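A short write-up of the structure that comes next.
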Amino acid sequence: MKDKISIILPIFNVGPHLRGGIDSLINQTIGNENLEIIMVDDCSTDESGKIIDEYDEKYDCCKAIHLEKNTGAANGPRNRGIEECSGDYIMFLDPDDRYTLDACEVLYNAVTKYDADMAFGRFRRIYTYGETVQKSYSPYLDDLESAYPDETFETANPLNVPDYVWDHILEHALYGKNIQGKYERNEPVDVIHVKSIKEEPDLLKMAPSVWSKIFKRELIMDKNIRYQPFVSGDDLAFTLETLLKADGIVYLNNFMCYDYYVRDLPDDKSITNNVNVRFLSDLMDSYIYARQCTERFSKEIQTISVNPHLIYWMHTWKNSPFTKNENRLLLSKVEKLKRIHKSDLKTKMLLSSMTTAIESAIKIHKE
């Protein structure tokens, strides 16, 4: 293999899960001699820093970096890793998750075969408490039963409603109708390859998971794509920019490259399952940023890149208590998006319903 893949891990207090994440890279079928594993510790207070130093000392492919000041989110360590990496391709791993053992090999072969700027696959969403496994959402028909005959996947259902309601009502409302592109929609699709996102806007409907993708170094460096300073939503902004700017995109619809663990035990908390006003405020900032990035693109792309996330945001807001002042802050962010995001009637109605709900909460709230 003539190329090297840099894999960047943002690390903060993940000691109990860290070794499993790094080991999933060390044992890749592509061979860890072809990897550069950059582990960036964001001033952890547990044993995480010590663990990455052990791997740095033991494996030539591992490099431990310790930040002098805590950045408070994954964007800081990820950006530092981008600056430090030397690989021809770049990938990202959240250290409490796992790559499937052939993830690097299959994604690398796909991105080089088509000489594309990026390639990505599906992921498993594993609920450790409920012991269920979901397949990540795809707008395309798949044949995962044949690809993984020994596994059973539930359909991703982020709003936790009955399957019939999700399949026949909410999924359509959330993602909108399929936009016919280069590929047919009435039969399973294995590989999708396009030169530009304009050929297949439906690729934007999938979760903005940076860790299920491989990027050509030049895409990140030459286009100056970096993680935005959001506690939440930085992955959405980064993924959207790469999809909009990529010259060549490959999607593997029947390949599971990543195990995403939803650690839903009561005592196992992280930034993404601790909902506070900063979490939702930054998410809304990321939607505003995403909408600004799509300004010169079609209304379909503008809508797909933002609207599905708005329903998730509203669902999260409704199930989280906020003070009057916090709701005022969130309302101001929604109003800002409302001023620039006017793609269609459905979008306007969605944003109007959001502002009405928050305004009502402000009026009835008792200090």
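The table that follows gives values for the structure above.
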item: Highest-first arrangement of 36-43, 334-341, 107-114, where packing means the average Cβ count within 10 Å; result: 36-43, 107-114, 334-341
item: The chain - mean residue ellipticity at 222 nm from DSSP helices (-39,500 (n - 2.57) per run, n ≥ 4, rounded to 500); result: -12000 deg cm²/dmol
item: Amide H within-cut-off set for Gly121, under 5 Å, with H built and near neighbours excluded; result: Leu252
item: Point-to-point label distance, Lys363-Lys195, nm (Cα→Cβ direction, 7 Å offset); result: 5.4 nm
item: Relative contact order of the range 5-273, pairs being alpha-carbon contacts under 8 Å that are 6 or more residues apart, as %; result: 25 percent
item: Choice from Thr132, Thr239, Thr100 with maximal GNM fluctuation in the chain (Cα, 10 Å cutoff); result: Thr132
item: Contact order relative to length of the range 314-367, as percent, for alpha carbon pairs under 8 angstrom and 6 or more apart; result: 51 percent
item: For the range 98-152 versus the range 322-366, the gap between their alpha-carbon centres in whole angstrom; result: 36 Å
item: In Hz, Karplus ³J(HN,Hα) per residue of the range 341-346 (6.51, -1.76, 1.60; θ = phi - 60°; x = Gly, Pro); result: 9, 10, 5, 7, 4, 4
item: By average C-beta atoms within 10 angstrom, highest first, the peptides 183-195, 295-307; result: 295-307, 183-195
item: Residues Ala147 and Asn325, FRET efficiency given R0 of 45 Å [Cβ-Cβ distance, rounded to 0.05]; result: 0.35
item: Cα-centre dipole for the chain with unit charges at Cβ (Lys and Arg positive, Asp and Glu negative), debye to 20; result: 2080 debye
item: Overall dimensions of the chain as given by Cα atoms, namely Rg and Dmax in Å; result: 20.3, 64
item: Using alpha carbons only: equivalent-ellipsoid semi-axes of the range 277-364, gyration tensor based, whole Å; result: 23, 13, 11
item: Inter-site label distance for Ser298 and Thr355 at 7 Å from Cα along Cβ, in nm; result: 2.9 nm
item: Volume of the Cα convex hull of the range 28-165, divided per residue and given in Å³; result: 176 Å³
item: The range 277-364: relative contact order as a whole-number percent, Cα under 8 Å and 6+ apart; result: 37 percent
item: For Tyr261, residues with placed amide H under 5 Å, excluding near neighbours; result: Arg98, Ile126
item: The range 347-364 - phi-based ³J(HN,Hα) in whole Hz, Karplus 6.51/-1.76/1.60, Gly and Pro as x; result: 5, 4, 5, 4, 5, 5, 5, 5, 5, 4, 5, 6, 4, 5, 5, 5, 5, 8
item: Difference of contour (0.36 nm per residue) and Cα-Cα distance, Asp23 to Lys342; result: 110.2 nm
item: Calculated from backbone phi, Karplus (6.51, -1.76, 1.60) coupling profile of the range 57-69 in Hz, x at Gly/Pro; result: 6, 7, 10, 5, 7, 9, 9, 9, 10, 10, 6, 7, 9
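Coordinate-derived values only; no laboratory data. This structure is a prediction, so every number in the text was calculated from the model and none was measured. Neighbour counts are summed over all protein chains in view; Cβ atoms, including those assigned to glycine, are modelled from backbone coordinates with ideal geometry.
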